[in-house]
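In what follows, a single structure is set out as structure tokens and then discussed.
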Amino acid sequence: LFPSPVDAGHRAVIFDRFRGVQDVVVGEGTHFLIPWVQKPIIFDCRSRPRNIPVITGSKDLQNVNITLRILFRPVTAQLPRIFTSIGEDYDERVLPSITTEILKSVVVSAP
């Protein structure tokens, strides 16, 4: 057994070579893992900002540059599901597509 520290504001999902990703989310503190068999995947669960620039067209066919600043954080209970379905870089995969569509709909519906 060896200690695996999880810092404040972070959570860990345990990957076991025999059982796969475990459904338990590990909180802050020192936890013991079996070497070679278990590996911690550590997620930052604090609110983080992200700026996403979008170029879209308005009703009068002019290009509009908009930058949206998002504060986001993962739902800690869903971290095993996020890791298995999307991966560790969930923010880079999900946020740009969602914000692009939302900003385009806001620009189109603006008076």
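Given Cα pairs under 8 Å that are at least 6 residues apart, what percent is the relative contact order of the chain? Each step should come with its number before you reach the end.
Details: 170 pairs, mean separation 25.8, N = 111.
About 23 percent, as a whole number.
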Residues with beta-carbon under 10 Å from that of His10, excluding His10: net charge, scoring Lys, Arg +1 and Asp, Glu -1? -1
Computed helical MRE - 222 nm, the chain, DSSP H runs ≥ 4 contributing -39500 (n - 2.57), nearest 500: -8000 deg cm²/dmol
Could you work out the longest stretch of the chain that avoids the trypsin sites (Lys or Arg not before Pro) located in DSSP loops with at most 14 other Cβ atoms within 10 Å? 60-111
For the chain, which whole-number percentage of the solvent-accessible area (1.4 Å probe, protein heavy atoms only) is attributable to carbon and sulfur atoms? 56
On a 0 to 90° scale, report how tilted helix 90-109 is relative to the longest principal axis of the chain, with both axes built from alpha carbons and the result rounded to the nearest 10. 20
Label-point separation (nm) for Ile42 and His10, each offset 7 Å from Cα along Cα-to-Cβ? 0.2
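So if a site counts as exposed when it's one of the chymotrypsin sites (Phe, Trp or Tyr not before Pro), its DSSP state isn't H, G, I, E or B, and it has at most 15 other Cβ atoms within 10 Å, what's the longest stretch of the chain without one? Numbers along the way, then the final one.
Details: sites that count: Phe18, Trp36.
Counting at most 15 other Cβ atoms within 10 Å as exposed, the longest clean stretch of the chain is 37-111.
Might you tell me the accessible area per residue for the chain, computed with a 1.4 Å probe and given in Å²?
Details: 7510 Å² over 111 residues.
Each residue of the chain exposes 68 Å² on average to a 1.4 Å probe.
Evaluate the charge dipole of segment 2-109 about its Cα centre and quote only its size in Debye, nearest 20, assuming +1 on the Cβ of each Lys and Arg and -1 on the Cβ of each Asp and Glu. Let's see the in-between values first.
Details: 13 positive and 11 negative charges, 22 e Å.
That gives segment 2-109 a dipole magnitude of about 100 debye.
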Within segment 71-105, find all residues whose amide N lies under 20 Å from a label point positioned 7 Å from the Cα of Asp23 along Cα-to-beta-carbon. 75-87
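The values are calculated or read from the model by the stated rules, or taken from the named source; none is laboratory data. Given the structure is predicted, the values throughout are model-derived calculations rather than measurements. All Cβ positions, glycine included, derive from the backbone under ideal geometry; neighbour counts span all protein chains shown. Each accessible area value is taken on the protein alone, full model and side chains, heavy atoms only, with ligands, DNA and RNA left out. Shrake-Rupley method; radii C 1.70, N 1.55, O 1.52, S 1.80 Å.
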